[in-house]
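Just below is one structure, and these are the notes that go with it.
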Amino acid sequence: MKKIGLVTIGQAPRTDLTPELKMILGEDVHIEEKGALDGLSREEVKELYPKQTEEVLVTRMADGTEVKIAGEKVFPLLKERIKELEKSNINVIFLACTGEFPDLDTEALLIRPQKLLYYTIKAIAQDRTLGVAIPSQDQVPSAYERWQKAAEKVVVEACSPYGDIDEIKVAADKFARSKVDIIVMDCIGYTMKMKEMVHDKTKIPVVLARSISAKIISELV
């Protein structure tokens, strides 16, 4: 059986994610999951909460609840989980987060969704208005900074994939009123169902982080 590794910045298993990956990869691909927060209590996870100057990342615990962590603090834990997967002779690893991280030292083929998303959107939206969906209001400034070179104009809306679905509906309505040309859902937590809902409400093309990543992975396994 073919196999890949999946590293989440939250806790494994990602029961909200792996079934959709398998829809694209096929049932003959085994996904071995590791989570940066595996084995940590909620009190221990609070120690990773971002301070004012730290990058805010949003993920989920094993029970599905949302947590915010600092990219700088979770990075060492990600490196540990990648090394664990390498010991299992896995040579394709999916980093299930669209955050930006320093280079991770690995001999495996590392799928980094942020780079896939950014350069794909830049190739098609440089003279367009881009709508960017992100999980948290705390991420709005960094999202503008990240995406402003990829499109002529950027509109950012915060809507958590782990909370009330109405947040996403409201964001979709705002994108429609802003007359964006394309929408990118900039978090692995957004599901295919959420993408379909946004497209149905806006009639605007939507790029989803998890599905574009899975399609690239399918070329490698």
Checklist entry - Quick one: how many residues across the stretch 86-101 are surrounded by 15 or more Cβ atoms within 10 Å (Cβ to Cβ) and touching a helix residue (DSSP H, G or I) at 6+ places or on another chain (Cβ under 8 Å)? => result 9
Checklist entry - Quick one: which of 163, 189 is among the small types (Gly, Ala, Ser), closer than 17 Å to residue 59 by Cβ and surrounded by fewer than 16 Cβ atoms within 10 Å (Cβ to Cβ)? => result 163
Checklist entry - Can you find a residue in the stretch 86-105 that is on the phi < 0 side of the Ramachandran plot and part of a helix (DSSP H, G or I)? => result yes
Checklist entry - Restricted to the stretch 1-26, and to residues that are touching a residue at least 24 places away in the same chain (Cβ under 8 Å) and charged (D, E, K, R), which residue is nearest to residue 161 (Cα to Cα)? => result 16
Next on the checklist: Residues that are surrounded by 16 or more Cβ atoms within 10 Å (Cβ to Cβ), in a loop (DSSP other than H, G, I, E, B), in contact with a Pro (Cβ under 8 Å, 6 or more places away or on another chain) and not basic (Lys, Arg): does the stretch 125-144 have at least one?
Outcome noted: yes
Next on the checklist: Suppose we keep only residues that are assigned to a strand (DSSP E or B) and of a type in the set (Val, Ile, Thr) within the stretch 43-85. Which one would you say is surrounded by the fewest Cβ atoms within 10 Å (Cβ to Cβ)?
Outcome noted: 67
Checklist entry - Counting just the residues of the stretch 27-42 that are in contact (Cβ under 8 Å) with a residue 40 or more places away in the chain and part of a loop (DSSP other than H, G, I, E, B), which one comes out surrounded by the fewest Cβ atoms within 10 Å (Cβ to Cβ)? => result 38
Next on the checklist: Please verify whether residue 150 is touching a strand residue (DSSP E or B) at 6+ places or on another chain (Cβ under 8 Å), in a loop (DSSP other than H, G, I, E, B), over 18 Å from residue 197 (Cα atoms) and at pLDDT 95 or above, treating the condition exactly as stated.
Outcome noted: yes
Item to check | Residues (in a strand (DSSP E or B) and surrounded by fewer than 23 Cβ atoms within 10 Å (Cβ to Cβ)) located in the stretch 166-185 | outcome: 182
Item to check | Scan of the stretch 106-121 for residues that are in contact with a helix residue (DSSP H, G or I) (Cβ under 7 Å, 6 or more places away or on another chain) and outside any loop (DSSP other than H, G, I, E, B), ordered by number | outcome: 109, 111, 113, 116, 117, 120
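The values are calculated or read from the model by the stated rules, or taken from the named source; none is laboratory data. None of these values were measured; they are calculated from a predicted model. Cβ sites come from the backbone with ideal geometry, for glycine too, and all protein chains shown count toward neighbours.
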